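The values are calculated or read from the model by the stated rules, or taken from the named source; none is laboratory data. Everything numeric in this text was worked out from a predicted model, so none of it was measured. Here the Cβ is made from the backbone with ideal geometry for all residues, glycine too, and neighbour counts use every protein chain on show. Ligands, DNA and RNA are stripped out before the accessible areas are found, and what is left, the full protein with its side chains, is counted by its heavy atoms. Shrake-Rupley method; radii C 1.70, N 1.55, O 1.52, S 1.80 Å.
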Amino acid sequence: ELHGAWILRILAHNGMDIRRPEHTLDLAEAALDRVRGKLAPAAEALFVVTRARALANAGRGPEAVAQARQAQDMVVRGEQEEVPSWAALWGVARATVSSHTAKTFRALGDHANAERHYAESARRRPDGTQRITALTVAAEGREQALQGHVEQACDTWGRSLDLLGGVRSARAADEVAGMRRHLRTFEGRGVRPAAVLDERARAWELAYA
């Protein structure tokens, strides 16, 4: 039953990632119902934050924020060692909850909180998770850009490109392409760091995309 719940959780996230969220709240709720009270707090938090993200995509903002806060509280109370091996394969629970909390706030248009939680997720990532950390840092930069923090976004994106050196990934290519779209807008405003970084991003695409 717990493995089945994990599969439902994955399906919910996949639906949101491909922007087909029609049934994701049902999937997230079904997954959470199956595990509620049967897992340690850090593991259950992974299901709680999935429901938070699904609520945000359903336009139920206050409930989404409350659910995300619950997930944060649960994962802080728990220990990584209590997370089952089939869930731990996907990374450190605190980093995962922070990442999906960021996506929850992003769906609600709260870019400041999304930025904060992406940064927290990147800090929680252990060594050896270079690609995931790079994508998280890139997402942090995107949230900074959406707030108009241009130079800060360029600095953050620069760190993500450092981490993406040698990485070949469709997700990374998509993230760099999105980065360049923002940078071209900034270049049009005469922002010099944007032009320099866009050249770096173009070189990365030529080498790895």
Q) Just wondering, is there one or more residues in region 85-95 that are in contact with a helix residue (DSSP H, G or I) (Cβ under 6 Å, 6 or more places away or on another chain) and over 26 Å from residue 159 (Cβ atoms)? A) yes
Q. So which of 77, 60, 19 ends up being at pLDDT 95 or above and within 24 Å of residue 113 (Cα to Cα)?
A. 60
Q: Scan region 23-47 for residues that are touching a residue at least 40 places away in the same chain (Cβ under 8 Å) and part of a helix (DSSP H, G or I) and jot them down.
A: 41, 42, 43, 45, 46, 47
Q. Which one of the conditions (1) surrounded by fewer than 23 Cβ atoms within 10 Å (Cβ to Cβ); (2) at negative phi does residue 19 fail to meet, given that it meets all the rest?
A. (2)
**Q.** Residue selected from region 154-187 under the condition in contact (Cβ under 8 Å) with a residue 24 or more places away in the chain and hydroxyl-bearing (Ser, Thr, Tyr), by the criterion nearest to residue 198 (Cα to Cα)
**A.** 160
Q.
Given the criteria polar (S, T, N, Q), open to solvent by 20 Å² or more (accessible area, probe 1.4 Å), under 25 Å from residue 152 (Cβ atoms) and out of contact with any Phe, Trp or Tyr (no Cβ under 9 Å at 6 or more places or on another chain), does residue 80 qualify?
A. no
Q. Do we find a residue being in contact with a His (Cβ under 6 Å, 6 or more places away or on another chain), surrounded by fewer than 23 Cβ atoms within 10 Å (Cβ to Cβ), on the phi < 0 side of the Ramachandran plot and not aliphatic (A, V, I, L, M) anywhere in region 163-186?
A. no
(Q) Among the numbered criteria (1) in a helix (DSSP H, G or I); (2) without any contact (Cβ under 8 Å) to a residue 40 or more places away in the chain; (3) of a type outside the set (Asp, Glu); (4) surrounded by fewer than 24 Cβ atoms within 10 Å (Cβ to Cβ), which one does residue 126 miss? (A) (1)
(Q) Looking at region 147-162 only, could you name the residues that are open to solvent by 60 Å² or more (accessible area, probe 1.4 Å) and assigned to a helix (DSSP H, G or I)? (A) 151, 152, 155, 159, 162
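In the list 114, 119, which residue meets the criterion of being open to solvent by 10 Å² or more (accessible area, probe 1.4 Å), at pLDDT 95 or above and either assigned to a helix (DSSP H, G or I) or of a type in the set (Lys, Arg) (or both)?
Only one candidate passes the filter, namely 119.
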Q) Any idea which residue in region 71-120 is nearest to residue 61 (Cα to Cα), counting only those that are under 14 Å from the mean Cα position of the chain (by Cα) and of a type in the set (S, T, N, Q)? A) 104
